[in-house]
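The values are calculated or read from the model by the stated rules, or taken from the named source; none is laboratory data. Values in this document were obtained by computation on a predicted structure and should not be read as measured data. These area figures cover heavy atoms from the full protein model, side chains too; ligands, DNA and RNA do not enter into them. Shrake-Rupley method; radii C 1.70, N 1.55, O 1.52, S 1.80 Å.
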Amino acid sequence: MAIDDESPLRINTRGGSMGGDGAENQRWPPWLKPLLSTSFFGQCKVHADAHKSECNMYCLDCMNGALCSQCLAYHRDHHAIQIRRSSYHDVIRVSEIQKVLDITGVQTYIINSARVVFLNERPQPRPGKGVTNTCEVCERSLLDTFRFCSLGCKIVGTSGEYRIRKKHAAIKKKKKKLHKGGAVALSDSEDSSTSTSGRSDKSSVVQSFTPRTPPATAANSFRAGKRRKGVPHRSPFGSLMVEF
(Lines give C-alpha, C1' and ligand atoms only; values in the text may rest on other atoms or scores of the structure.)
Protein backbone atom coordinates (compact mmCIF):
# COMPACT_ATOMS: atom_id res chain seq x y z
CA MET A 1 0.00 0.00 0.00
CA ALA A 2 1.70 3.20 -1.12
CA ILE A 3 1.38 6.43 0.81
CA ASP A 4 -0.98 8.79 -0.99
CA ASP A 5 -0.93 12.58 -1.07
CA GLU A 6 -3.49 12.91 1.72
CA SER A 7 -1.67 10.64 4.17
CA PRO A 8 0.15 12.25 7.12
CA LEU A 9 3.06 10.00 6.19
CA ARG A 10 3.33 11.36 2.65
CA ILE A 11 6.76 10.85 1.14
CA ASN A 12 8.44 13.78 -0.59
CA THR A 13 10.34 12.41 -3.56
CA ARG A 14 11.68 15.76 -4.82
CA GLY A 15 14.69 16.21 -2.62
CA GLY A 16 13.15 17.53 0.62
CA SER A 17 12.43 15.23 3.50
CA MET A 18 9.17 15.20 5.36
CA GLY A 19 9.66 18.55 6.98
CA GLY A 20 13.43 18.10 7.27
CA ASP A 21 16.41 19.72 5.61
CA GLY A 22 19.20 18.35 3.43
CA ALA A 23 21.01 16.74 6.37
CA GLU A 24 17.81 14.94 7.35
CA ASN A 25 17.33 13.72 3.80
CA GLN A 26 20.85 12.30 3.64
CA ARG A 27 20.09 9.80 6.36
CA TRP A 28 18.31 7.60 3.84
CA PRO A 29 19.32 6.25 0.44
CA PRO A 30 17.83 8.26 -2.44
CA TRP A 31 15.69 5.35 -3.65
CA LEU A 32 13.86 4.69 -0.35
CA LYS A 33 11.21 7.40 -0.43
CA PRO A 34 10.37 6.87 -4.12
CA LEU A 35 10.08 3.15 -3.37
CA LEU A 36 7.59 3.72 -0.54
CA SER A 37 5.42 5.99 -2.69
CA THR A 38 5.29 3.57 -5.65
CA SER A 39 2.16 1.54 -6.42
CA PHE A 40 2.87 -2.09 -7.22
CA PHE A 41 1.00 -5.08 -8.67
CA GLY A 42 -0.57 -3.22 -11.55
CA GLN A 43 -0.31 -4.42 -15.14
CA CYS A 44 2.77 -3.31 -17.06
CA LYS A 45 1.81 -0.92 -19.85
CA VAL A 46 4.82 -1.89 -21.95
CA HIS A 47 4.41 -5.68 -21.66
CA ALA A 48 0.66 -5.96 -21.26
CA ASP A 49 0.52 -8.98 -23.59
CA ALA A 50 3.24 -10.89 -21.76
CA HIS A 51 2.45 -13.90 -19.58
CA LYS A 52 3.85 -12.25 -16.46
CA SER A 53 3.13 -8.54 -16.74
CA GLU A 54 2.49 -7.82 -13.06
CA CYS A 55 4.67 -4.98 -11.79
CA ASN A 56 6.26 -6.24 -8.59
CA MET A 57 9.91 -5.27 -9.14
CA TYR A 58 11.80 -2.06 -8.42
CA CYS A 59 15.19 -0.85 -9.64
CA LEU A 60 17.15 0.91 -6.91
CA ASP A 61 19.46 2.49 -9.48
CA CYS A 62 16.91 3.94 -11.89
CA MET A 63 14.07 4.68 -9.43
CA ASN A 64 11.65 4.89 -12.35
CA GLY A 65 8.63 3.12 -10.87
CA ALA A 66 7.35 -0.44 -10.67
CA LEU A 67 8.66 -2.95 -13.17
CA CYS A 68 7.52 -6.33 -14.41
CA SER A 69 9.79 -9.33 -14.91
CA GLN A 70 10.03 -8.50 -18.61
CA CYS A 71 11.31 -5.00 -17.83
CA LEU A 72 14.26 -6.44 -15.95
CA ALA A 73 15.94 -7.19 -19.27
CA TYR A 74 16.74 -3.48 -19.45
CA HIS A 75 18.17 -3.45 -15.90
CA ARG A 76 20.52 -6.42 -15.98
CA ASP A 77 23.42 -4.67 -14.30
CA HIS A 78 21.25 -2.82 -11.82
CA HIS A 79 20.16 -3.64 -8.31
CA ALA A 80 16.50 -4.69 -8.50
CA ILE A 81 14.35 -5.94 -5.62
CA GLN A 82 11.07 -7.84 -5.58
CA ILE A 83 7.99 -6.61 -3.73
CA ARG A 84 5.50 -9.11 -2.34
CA ARG A 85 2.05 -8.81 -0.84
CA SER A 86 0.50 -9.82 2.46
CA SER A 87 -3.12 -8.95 3.30
CA TYR A 88 -3.17 -6.23 0.61
CA HIS A 89 0.00 -4.63 1.97
CA ASP A 90 3.40 -4.46 0.28
CA VAL A 91 6.28 -6.33 1.93
CA ILE A 92 9.87 -7.10 1.10
CA ARG A 93 12.05 -9.95 2.29
CA VAL A 94 14.53 -9.12 5.02
CA SER A 95 17.23 -11.01 3.15
CA GLU A 96 16.94 -8.48 0.30
CA ILE A 97 16.41 -5.20 2.07
CA GLN A 98 18.91 -5.58 4.90
CA LYS A 99 21.76 -5.68 2.35
CA VAL A 100 21.05 -2.07 1.37
CA LEU A 101 19.17 -0.58 4.34
CA ASP A 102 19.37 -0.53 8.12
CA ILE A 103 16.04 -1.91 9.37
CA THR A 104 16.87 -1.77 13.08
CA GLY A 105 13.75 -1.12 15.17
CA VAL A 106 11.32 -2.28 12.46
CA GLN A 107 9.31 -5.37 13.35
CA THR A 108 9.73 -8.34 11.03
CA TYR A 109 7.14 -11.02 10.25
CA ILE A 110 7.35 -14.55 8.90
CA ILE A 111 5.06 -14.99 5.89
CA ASN A 112 5.21 -18.09 3.69
CA SER A 113 8.32 -19.27 5.55
CA ALA A 114 10.15 -16.03 4.73
CA ARG A 115 10.94 -13.15 7.08
CA VAL A 116 9.64 -9.85 5.71
CA VAL A 117 9.09 -6.21 6.65
CA PHE A 118 6.20 -4.00 5.59
CA LEU A 119 6.87 -0.95 3.44
CA ASN A 120 4.24 1.42 4.80
CA GLU A 121 2.10 2.03 7.85
CA ARG A 122 -0.76 -0.23 8.89
CA PRO A 123 -2.68 1.66 11.59
CA GLN A 124 -5.12 -0.12 13.88
CA PRO A 125 -8.43 1.36 15.09
CA ARG A 126 -7.45 0.50 18.66
CA PRO A 127 -4.76 -1.70 20.23
CA GLY A 128 -5.85 -5.06 21.58
CA LYS A 129 -6.12 -5.84 25.28
CA GLY A 130 -2.88 -6.46 27.09
CA VAL A 131 -0.77 -4.65 24.48
CA THR A 132 2.34 -3.11 26.07
CA ASN A 133 4.14 -1.78 22.99
CA THR A 134 2.91 0.00 19.86
CA CYS A 135 4.40 1.66 16.80
CA GLU A 136 5.62 5.14 17.67
CA VAL A 137 3.91 6.58 14.60
CA CYS A 138 0.71 4.68 13.76
CA GLU A 139 0.24 2.89 17.14
CA ARG A 140 0.02 -0.60 15.71
CA SER A 141 0.65 -3.40 18.21
CA LEU A 142 4.28 -4.54 18.24
CA LEU A 143 6.55 -6.87 20.12
CA ASP A 144 8.42 -5.20 22.96
CA THR A 145 11.76 -5.12 21.14
CA PHE A 146 10.60 -3.00 18.17
CA ARG A 147 9.70 0.66 17.67
CA PHE A 148 8.10 0.74 14.22
CA CYS A 149 5.76 -1.46 12.19
CA SER A 150 7.16 -0.51 8.76
CA LEU A 151 9.93 1.25 6.88
CA GLY A 152 7.70 4.27 6.27
CA CYS A 153 6.97 4.65 9.98
CA LYS A 154 10.68 4.50 10.76
CA ILE A 155 11.40 7.36 8.35
CA VAL A 156 8.69 9.50 9.92
CA GLY A 157 9.39 8.50 13.52
CA THR A 158 13.11 9.24 13.35
CA SER A 159 12.80 12.62 11.63
CA GLY A 160 13.71 15.67 13.70
CA GLU A 161 10.48 17.51 12.96
CA TYR A 162 8.34 14.56 14.01
CA ARG A 163 10.17 14.21 17.33
CA ILE A 164 9.63 17.91 18.04
CA ARG A 165 5.92 17.68 17.19
CA LYS A 166 5.57 14.58 19.34
CA LYS A 167 7.30 16.28 22.27
CA HIS A 168 5.03 19.32 22.02
CA ALA A 169 1.97 17.08 21.76
CA ALA A 170 3.03 15.17 24.89
CA ILE A 171 3.52 18.42 26.82
CA LYS A 172 0.15 19.73 25.65
CA LYS A 173 -1.53 16.46 26.60
CA LYS A 174 0.07 16.55 30.04
CA LYS A 175 -1.06 20.15 30.66
CA LYS A 176 -4.58 19.29 29.54
CA LYS A 177 -4.63 16.30 31.88
CA LEU A 178 -3.42 18.40 34.81
CA HIS A 179 -5.97 21.11 34.04
CA LYS A 180 -8.73 18.52 33.84
CA GLY A 181 -7.59 16.96 37.12
CA GLY A 182 -7.63 20.35 38.84
CA ALA A 183 -11.13 21.05 37.54
CA VAL A 184 -12.34 17.69 38.83
CA ALA A 185 -10.79 18.33 42.25
CA LEU A 186 -12.40 21.79 42.41
CA SER A 187 -15.75 20.32 41.41
CA ASP A 188 -15.45 17.67 44.12
CA SER A 189 -14.62 20.35 46.69
CA GLU A 190 -17.64 22.40 45.67
CA ASP A 191 -19.87 19.36 45.80
CA SER A 192 -18.57 18.52 49.29
CA SER A 193 -19.16 22.09 50.48
CA THR A 194 -22.64 22.14 49.00
CA SER A 195 -23.45 18.79 50.57
CA THR A 196 -22.24 19.95 54.01
CA SER A 197 -24.18 23.19 53.71
CA GLY A 198 -27.24 21.26 52.62
CA ARG A 199 -27.01 18.95 55.63
CA SER A 200 -26.61 21.96 57.97
CA ASP A 201 -29.62 23.72 56.48
CA LYS A 202 -31.67 20.55 56.68
CA SER A 203 -30.67 20.03 60.32
CA SER A 204 -31.69 23.58 61.20
CA VAL A 205 -35.01 23.10 59.45
CA VAL A 206 -35.66 19.92 61.39
CA GLN A 207 -34.70 21.57 64.66
CA SER A 208 -37.03 24.50 64.01
CA PHE A 209 -39.96 22.08 64.00
CA THR A 210 -38.95 20.59 67.39
CA PRO A 211 -40.81 22.34 70.28
CA ARG A 212 -38.60 23.65 73.02
CA THR A 213 -39.32 23.46 76.75
CA PRO A 214 -40.37 26.92 77.95
CA PRO A 215 -38.09 28.43 80.61
CA ALA A 216 -39.29 28.49 84.20
CA THR A 217 -40.56 31.90 85.45
CA ALA A 218 -41.37 33.29 88.93
CA ALA A 219 -45.10 33.45 88.18
CA ASN A 220 -45.19 29.85 87.07
CA SER A 221 -43.29 28.77 90.22
CA PHE A 222 -45.71 30.75 92.50
CA ARG A 223 -48.75 29.23 90.86
CA ALA A 224 -47.26 25.79 91.16
CA GLY A 225 -46.56 26.37 94.94
CA LYS A 226 -50.08 27.73 95.74
CA ARG A 227 -52.38 25.36 94.10
CA ARG A 228 -56.07 26.05 94.91
CA LYS A 229 -57.81 23.46 97.04
CA GLY A 230 -61.07 21.98 95.95
CA VAL A 231 -64.50 22.69 97.57
CA PRO A 232 -64.95 20.53 100.77
CA HIS A 233 -67.80 18.09 100.76
CA ARG A 234 -69.73 17.35 104.01
CA SER A 235 -70.80 13.99 105.09
CA PRO A 236 -74.34 13.17 103.95
CA PHE A 237 -75.38 12.40 107.57
CA GLY A 238 -73.87 15.51 109.16
CA SER A 239 -77.16 17.49 108.97
CA LEU A 240 -79.30 14.87 110.67
CA MET A 241 -79.99 15.25 114.38
CA VAL A 242 -80.60 12.18 116.35
CA GLU A 243 -83.07 12.54 119.26
CA PHE A 244 -83.50 10.05 121.98
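Which three numbers, in whole Å and largest first, are the semi-axes of the equivalent ellipsoid of region 44-106 derived from its Cα gyration tensor as √(5λ)?
Working from the Cα gyration tensor, I get semi-axes of 23, 15, 8 Å.
Hey, can you find the accessible area per residue of region 28-82 for me, probe 1.4 Å, expressed in square angstrom?
It amounts to 56 Å² per residue over region 28-82.
Give a residue-ordered list of calculated ³J(HN,Hα) values for region 142-151 (Karplus: 6.51 cos²θ - 1.76 cosθ + 1.60, θ = phi - 60°; whole Hz; x for Gly, Pro).
Once θ is set to phi - 60°, the couplings for region 142-151 become 9, 6, 5, 8, 10, 10, 10, 9, 7, 5 Hz.
If amide hydrogens are placed 1.01 Å from N in the peptide plane, which non-local residues have theirs closer than 5 Å to the one on Thr134?
Leu142
Return the sequence-ordered ³J(HN,Hα) values of region 156-161 in whole Hz as given by the Karplus equation 6.51 cos²θ - 1.76 cosθ + 1.60 applied to θ = phi - 60°, using x for Gly and Pro.
5, x, 9, 6, x, 5
Give the dimensionless ratio obtained when the Cα radius of gyration of region 29-142 is divided by 2.2 N^0.38 Å.
Output field value: 1.19.
Over region 66-123, with every protein chain in place, what whole percent of the accessible area is carbon and sulfur at 1.4 Å, could you tell me?
Ligands and nucleic acids excluded, carbon and sulfur reach 43 percent.
Can you give me the long-range amide H partners of Asp90? Hydrogens built in the peptide plane at 1.01 Å from N, cutoff under 5 Å, separation of 5 or more residues or another chain.
Those qualifying (amide H under 5 Å, at least 5 residues apart or on another chain) are Leu119, Asn120.
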